[in-house]
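Participant: The structure under discussion is supplied below as structure tokens; questions concerning it will follow.
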Amino acid sequence: MANERYTRTNQKLYFAGVALDFWRKAEAGRAMNWQAQVQAEREACLFHLYGALLGLCHEIAGYYRLPQADASVVEQLLSAERLAASPSPEMAELVELAQHAETWLAKLLNAYHALFQPPREVVPAKQDVTMPLISAVTLEDEALPVSADELEFCRQQLKELALRFRGSLSEW
């Protein structure tokens, strides 16, 4: 394999797709440990999508010979300060997408960073003392913060961005 920056981005996008396929198979199969499989594939997909985003940032930073082109986290490259110091249209678009909470990129970054947060106990609301002490409880599946369809959308958007950026980064 060529030692070009784009190969890492392509690999990560491919592996994210593989993780999404396994995720969907785990949900469809409903094996005994399907919930653990779904969680593992969700985390793998987020890991690879973050890596693909980092790879795309490396492609852009390498093309423009930006400082910190070998940064190990996306946030070092996608900051307004970094953009002001070394402007480029591709990085400006990524910074814009990352800064607005409703965009697919901001949601992807938030979901990735949520992986590193400890589980939070749900604190029940204070109850009325006249209510009975014993109440019926039902166990329901936890809703995942990000669905497979949302991550597939992020993967497609990232792939389209990479192709569009590569077209503008080519030297003729």
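Participant: Determine whether Thr138 is of a type in the set (Ser, Thr, Tyr), closer than 28 Å to Glu43 by Cα and either modelled with pLDDT under 95 or in a loop (DSSP other than H, G, I, E, B) (or both).
Facilitator: Working: of a type in the set (Ser, Thr, Tyr): yes; closer than 28 Å to Glu43 by Cα: yes; either modelled with pLDDT under 95 or in a loop (DSSP other than H, G, I, E, B) (or both): yes.
When the stated conditions are applied, Thr138 passes them.
Participant: Something else about it: Kindly indicate which of Ala16, Ala61, Ala36 is part of a helix (DSSP H, G or I) and surrounded by fewer than 13 Cβ atoms within 10 Å (Cβ to Cβ). Steps first, please.
Facilitator: On the way: Ala16 fails: surrounded by fewer than 13 Cβ atoms within 10 Å (Cβ to Cβ); Ala61 fails: surrounded by fewer than 13 Cβ atoms within 10 Å (Cβ to Cβ).
Every option except Ala36 fails the conditions.
Participant: I've got another one for you. How many residues are part of a helix (DSSP H, G or I), farther than 15 Å from Leu49 by Cα and hydrophobic (A, V, I, L, M, F, W, C) if we restrict to segment 98-117?
Facilitator: Qualifying residue count, segment 98-117: 0.
The values are calculated or read from the model by the stated rules, or taken from the named source; none is laboratory data. Everything numeric in this text was worked out from a predicted model, so none of it was measured. Glycine gets a Cβ as well: all are built from the backbone with ideal geometry, and neighbour counts include every protein chain shown.
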